[in-house]
Amino acid sequence: MSDAIIVGAGPAGSAAAIGLAGAGAKILLLERARETGDALCGGFLSWQTLKRLDALGIDRAALGGQTIRRVRLFAGQRHSETALPGEAMGVSRHRLDGALQAAAIAAGAGLERGVHATALEGGGVQTRDGATLTAPSIFLAAGKHGFRGFAREPAEWQRADPAMGLRLRLPTHPTLDRLIGDAVELHLFDRGYAGLVRQEDGSGNLCLAVHKSRLDEAGGDPAALLHTLGAAMPHLGERLAHADFSFGVDAIGHVPYGWRTRDTAPGLFRLGDQAGVIPSLAGEGMGVALASAYAAVTAWRHGGGAAAPAFQERLAARMTRPFALANLVWRMGENPGSAGFMTGAASLFPSLVRMISQATRIDPR
């Protein structure tokens, strides 16, 4: 019998598997996908996240990601550019998840692919094929997708107009290299924003968080929305000039940005986006995944499954300030009036940008 079952082999689940297996626990890691895919977003690794990957034994040089040193903001006619507090990285989730999964297996965790967990009931994991898998401790790390029985309600102001996540890959091109370079870009617009970063092969990962009403205005067609935004925003339009829309735009609906939980049951540790969904504009999604895994492993090593409720309470408390600040910046960024003010302030006070970048990181200790 396993000491723990981990549902989801993304960054949070794989990092937990590495830590638990390294502590001598017998781990079963379940992943619904048969092959390592490329998740919608999460391709920005902050300076703090890179240090956590170092501690997990992941060779950052082997990831081969693009070095990120600056953050660039665009809002209307205004733009700013500021050095980040530390060196970050742009890397695909395919590359990152593959490295973490390989490290988990090397640490001794058992990885079973193609296992679709559907519910947690009676202290066990129910799977789509009717099996029930049991262990004294369960780590739920199923990512942004909803999981039956574990509702994640967005803030009240989002419920009438929920947020959607969109992603378009921009193919490798010299123009993209010249325009983006070693920066992560945030293009702010009415009821949304687009984040753009280059990844290990030089391609661009363009991710949008946009309210449903804005997508509805484009007939519900993500490609039409991007064409509209590109025509209205010259800097974004320049970057979209070489986009190949034949591959389609990936989408995920009703992302509960800003949600977090303090509640869990003994024996159940909720990790990553199943513990809290920080607004993606902060670039701390992978930070939440790895920080929650570290904190959960530490709690489990000291108190076993009984430590889960106290772990969840402490993690939620540590999320309070970063989430509140990320929510504030997000709401300002998707309002055309305040977005222009924010971008202008970033030009005048670059130290403020670095302070906000630091304050939206998650401390797992």
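Before moving on, here are some points about what is shown:
- Put simply, of P279, P266 the only residue that is surrounded by fewer than 18 Cβ atoms within 10 Å (Cβ to Cβ) and either touching a Gly at 6+ places or on another chain (Cβ under 7 Å) or in contact (Cβ under 8 Å) with a residue 24 or more places away in the chain (or both) is P266.
- Extreme residue, surrounded by the fewest Cβ atoms within 10 Å (Cβ to Cβ), among residues of the stretch 41-54 that are modelled with pLDDT of 95 or more and among the hydrophobic types (A, V, I, L, M, F, W, C): W47
- Test: residue in the stretch 217-224 that is modelled with pLDDT of 95 or more and either closer than 26 Å to A61 by Cα or among the polar types (S, T, N, Q) (or both): no
- Scanning the stretch 225-248 for residues that are under 20 Å from T175 (Cβ atoms), in a loop (DSSP other than H, G, I, E, B) and not hydrophobic (A, V, I, L, M, F, W, C) gives H242, D244.
- Residue list for the stretch 279-304, filter: more than 20 Å from A88 (Cα to Cα) and charged (D, E, K, R): R301
- Summed over the stretch 229-243, the residues that are touching a residue at least 24 places away in the same chain (Cβ under 8 Å) and either in contact with a Lys or Arg (Cβ under 8 Å, 6 or more places away or on another chain) or crowded, with 19+ Cβ neighbours inside 10 Å (or both) give a count of 6.
- In the stretch 137-148, the residues that are touching a strand residue (DSSP E or B) at 6+ places or on another chain (Cβ under 9 Å) and surrounded by fewer than 17 Cβ atoms within 10 Å (Cβ to Cβ): H145, R148
- Residue that is farthest from G13 (Cα to Cα), among those in the stretch 249-280 that are in contact with a Ser or Thr (Cβ under 9 Å, 6 or more places away or on another chain), outside any loop (DSSP other than H, G, I, E, B) and not polar (S, T, N, Q): R260
- A Cβ distance below 7 Å, combined with a sequence gap of six or more or placement on separate chains, defines the contacts here; from the stretch 211-228, residues that are more than 22 Å from M332 (Cα to Cα) reach residues that are part of a helix (DSSP H, G or I) and polar (S, T, N, Q) in the pairs A218/T228.
- Criterion: under 24 Å from L186 (Cβ atoms), part of a strand (DSSP E or B), out of contact with any Cys (no Cβ under 7 Å at 6 or more places or on another chain) and at pLDDT 95 or above - qualifying residue of F74, F139: F74
- Single unsatisfied condition, C41 versus (1) in contact with a Cys (Cβ under 7 Å, 6 or more places away or on another chain); (2) in a strand (DSSP E or B): (2)
- Unique match (being among the hydroxyl-bearing types (S, T, Y), modelled with pLDDT under 95 and under 20 Å from V210 (Cβ atoms)) among S338, S280: S280
- Of residues in the stretch 308-365 being aromatic (F, W, Y) and over 14 Å from E81 (Cα atoms), the one surrounded by the fewest Cβ atoms within 10 Å (Cβ to Cβ): F341
- Residue match in the stretch 103-121 (condition: crowded, with 18+ Cβ neighbours inside 10 Å, modelled with pLDDT of 95 or more and within 30 Å of S357 (Cβ to Cβ)): yes
- R78 within 19 Å of L196 (Cβ to Cβ) and in contact with an Asp or Glu (Cβ under 6 Å, 6 or more places away or on another chain): no
- Lone unmet requirement of (1) among the small types (G, A, S); (2) surrounded by fewer than 24 Cβ atoms within 10 Å (Cβ to Cβ); (3) in contact with a Phe, Trp or Tyr (Cβ under 6 Å, 6 or more places away or on another chain) for A16: (2)
- Single condition P154 does not satisfy, out of (1) over 30 Å from S246 (Cα atoms); (2) assigned to a strand (DSSP E or B); (3) not small (G, A, S): (2)
The values are calculated or read from the model by the stated rules, or taken from the named source; none is laboratory data. Keep in mind that what you see is a predicted model, and the values were worked out from it rather than measured. Please note: Cβ atoms are built from the backbone with ideal geometry, for glycine as well, and neighbour counts cover all protein chains shown.
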